[in-house]
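Let me begin by presenting the structure, written as structure tokens, before commenting on it.
The values are calculated or read from the model by the stated rules, or taken from the named source; none is laboratory data. Not measured: the values here are computed from a predicted model. Using ideal geometry, Cβ is built from the backbone for each residue, glycine included, and neighbour counts are taken over all protein chains shown. Each accessible area value is taken on the protein alone, full model and side chains, heavy atoms only, with ligands, DNA and RNA left out. Shrake-Rupley method; radii C 1.70, N 1.55, O 1.52, S 1.80 Å.
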Amino acid sequence: MSDDYVDEENSSQILSCFPPPFLQFLETNDIDPNIYTIKSLPRYICLNTHFPSSQLPSPSDLSFQLSCTRIQEVPNFPHFFSLPSVTKIANSSAYKQGKIFGIDLSSAIAIYSLDIHPNDHILDLCCAPGAKLCLISNILDNVGIGTITGVDISKNRLSVCKNLCKKYKITKVRLFLEDGTKFNVLAPSYLEPIKKMIGQLHELHINENRLKNPEDKSDKITPFWTPKILRNDPQKRGSQYLYDKVIVDAECTHDGSISHILKYEKYGWETFEKNFLNPDRLNSLWDLQLNLLRNGWSLLKPDGILVYSTCSLSKKQNEDVIEWFLANYKNARLETIPNIANLKTAPLKVNEYNNTDLFKLVRFDPIHSNTSGFFVAKIRKIKET
Ligand SMILES: C[S@@+](CC[C@H](N)C(=O)[O-])C[C@H]1O[C@@H](n2cnc3c(N)ncnc32)[C@H](O)[C@@H]1O
């Protein structure tokens, strides 16, 4: 057994604390319980590039502020650093001033899979509390006319997201407290004249009834929060206002998030069982995940990219969802996940499927990739001719 695992005695102690329904869930879903016995996973932080580079902390500043000598830049991930798991970032001035934020490397891969360009309008359909939204904003930068539209159904979590947007100086964002399975506000048109001028207005033709009435503004939805720059967006209708990129970081059982699971060991498993393990909840999760995907897809423009991700390692919430989607949406094509050449990934659960494209999916887990458990699918919407 490697040094990264707790010793066998402690490992069986951890596993013996898990309630039988959770162990049953792991077995049914072919999830290796040993992922919860990894001693230490690195933490990852990212610099907030909305600050001028002269104001951002250098690796040695970070090392000093975080009292950490083992801070390492992550190759191929600009502004990313890995830290030992025990490192506390909350008391550092870099964190307090909004110059760094925490995000796992596996989550960053989902965001890099969107191939973000500065003029992209991006829909984040399950956005709260907002770590991925912060990274989207970093990559989007302030140079283009791109925007982020974040949607979440939980008011508490969306309030946290709003505070993050303020803290991290994310300005071209709108947050909506809405059900992502029904949300239908299209991308902002606030800088349309500029877009026209630089010749990037796409003339798109889509046969979706709900998008057919370009002048109907009667159902304008008030955002939960948005800075001034996007406040007066008229919420135009029409296929040219579909989003360039959509991320569905879906609600799931969170079983891949080790810290999340071990938290229940401390605070009691009853809530976890009630919220995630009862059969009704698991069935309704399947419906929720498909409906989020369906709706996200309907709001994506042709040739756009949708990323579906979860922090579950269960096949039903990942490979099964994508297999169903590809079988039902003939204009959906899986694409290879970028930026992972130097990273180890976890084995996929795709042997029993006929669709060989499913090998383009990616799984991460603590044992193979030294990250949280995470699943990512990158899907392109093929232009219909
Ligand atoms: C995995 S978390 C998202 C994490 C987030 N993307 C981040 O990076 O911080 C899933 C989110 O989905 C939200 N959610 C659940 N059902 C939803 C729905 N019907 N519509 C929109 N959001 C939903 C939950 O409130 C939760 O915040």
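Ranking TRP225, TRP297 by solvent-accessible area of protein heavy atoms (1.4 Å probe, all protein chains present), from largest to smallest, gives TRP225, TRP297. Computed from Cα positions, the angle between helix 131-140 and the longest principal axis of the chain comes to roughly 50 degrees. Under 1.5 on a/c is rounded, so check that first for segment 273-352, then, if it is not, pick prolate when a/b is larger than b/c and oblate when it is not; a ≥ b ≥ c are the square roots of the alpha carbon gyration tensor eigenvalues. Judged from the Cα gyration tensor, segment 273-352 comes out oblate (a/c at least 1.5, b/c at or above a/b). If only the Cβ of Lys and Arg carry +1 and only the Cβ of Asp and Glu carry -1, the dipole of the chain around its Cα centre is close to 1700 debye. Where the accessible area of segment 258-340 is counted over protein heavy atoms with a 1.4 Å probe, how much of it, in %, is carbon and sulfur? The value for segment 258-340 is 50 percent carbon and sulfur by accessible area.
At the residue level, ASP32 shows approximately 70 square angstrom of accessible surface with a 1.4 angstrom probe and all protein chains present. Residues whose amide H lies under 5 Å from that of ILE382, counting only those 5 or more places away or on a different chain, are ASP303, ALA332, ARG333; hydrogens are built 1.01 Å from N in the peptide plane.
Bridgeable lysines around LYS349 (alpha carbons under 29 Å apart, same-chain partners fewer than 8 residues away excluded): LYS39, LYS132, LYS245, LYS263, LYS274, LYS315, LYS316, LYS330, LYS360, LYS378, LYS381. If the segment from GLU27 to GLN55 were pulled out straight at 0.36 nm per residue, it would be longer than the present Cα-Cα gap by 5.2 nm. Given a 1.4 Å probe and the protein chains as shown, VAL321 ends up with an accessible area of around 0 Å².
Proximity of backbone amide H atoms, modeled 1.01 Å from N, is registered between ARG174 and ILE148, THR149, GLY150 at under 5 Å, excluding neighbours fewer than 5 places apart on the same chain. For the residues SER113, SER16, a 1.4 Å probe over the protein chains yields an accessible-area ranking, largest first, of SER16, SER113. Phi angles of segment 112-122 translate, via the Karplus equation with coefficients 6.51, -1.76, 1.60 and θ = phi - 60°, into HN-Hα couplings of 5, 5, 6, 6, 6, 10, x, 9, 6, 9, 10 Hz per residue; Gly and Pro are given as x.
If R0 is 30 Å, the Cβ-Cβ spacing of ASP115 and LYS220 corresponds to a FRET efficiency of close to 0.45. Taking the helices alone, the chain has a mean residue ellipticity at 222 nm of -8500 deg cm²/dmol, built from -39,500 (n - 2.57) per DSSP H run of at least 4 residues and averaged over all its residues. Once you have a ≥ b ≥ c as the square roots of the Cα gyration tensor eigenvalues for the chain, tell me rounded if a/c is under 1.5, and otherwise prolate or oblate according to whether a/b is larger than b/c. Judged from the Cα gyration tensor, the chain comes out oblate (a/c at least 1.5, b/c at or above a/b). For GLU273, GLU319, the ranking by accessible surface with the largest value first comes to GLU273, GLU319, using a 1.4 Å probe. Of the accessible area of segment 43-102, computed with a 1.4 Å probe over protein heavy atoms only, carbon and sulfur atoms account for 50 percent. Residue separation of ARG281 and VAL86 scaled by 0.36 nm, minus their Cα-Cα distance, works out to 66.8 nm of gained length. Taking Cα pairs under 8 Å and at least six residues apart, what relative contact order does the chain come out at, in percent? Reported relative contact order: 17 percent. Per-residue 3J(HN,Hα) values for segment 272-285, derived from phi via the Karplus relation 6.51 cos²θ - 1.76 cosθ + 1.60 with θ = phi - 60°, read 4, 4, 5, 7, 10, 9, 6, x, 4, 4, 5, 5, 6, 4 Hz in sequence order (x marks Gly and Pro). Positive end of the dipole of the chain (Cβ unit charges, origin at the Cα centre): among SER92, ILE14, ASN339, the Cα lying farthest that way belongs to SER92. Just check segment 43-102 against the gyration tensor rule for me: Cα atoms, a ≥ b ≥ c as the square roots of the eigenvalues, rounded for a/c under 1.5, and otherwise prolate or oblate depending on whether a/b exceeds b/c. Here segment 43-102 falls in the oblate category. Our coupling estimate for segment 29-42, obtained by passing each phi through the Karplus curve with A = 6.51, B = -1.76, C = 1.60 and θ = phi - 60°, is 9, 6, 9, 6, x, 5, 4, 7, 10, 5, 5, 8, 9, x Hz, Gly and Pro reported as x. With 0.36 nm allotted per residue and the present C-alpha distance subtracted, the ILE14-TYR329 stretch has 109.2 nm of extension available.
Rolling a 1.4 Å probe over the protein heavy atoms gives segment 43-102 an accessible area of 53 Å² per residue.
Based on alpha carbons, the Rg and Dmax found for segment 246-385 are 15.7, 56 Å. Taking all protein chains as they are arranged and a probe of 1.4 Å, the heavy atoms of SER284 leave approximately 50 Å² accessible to solvent.
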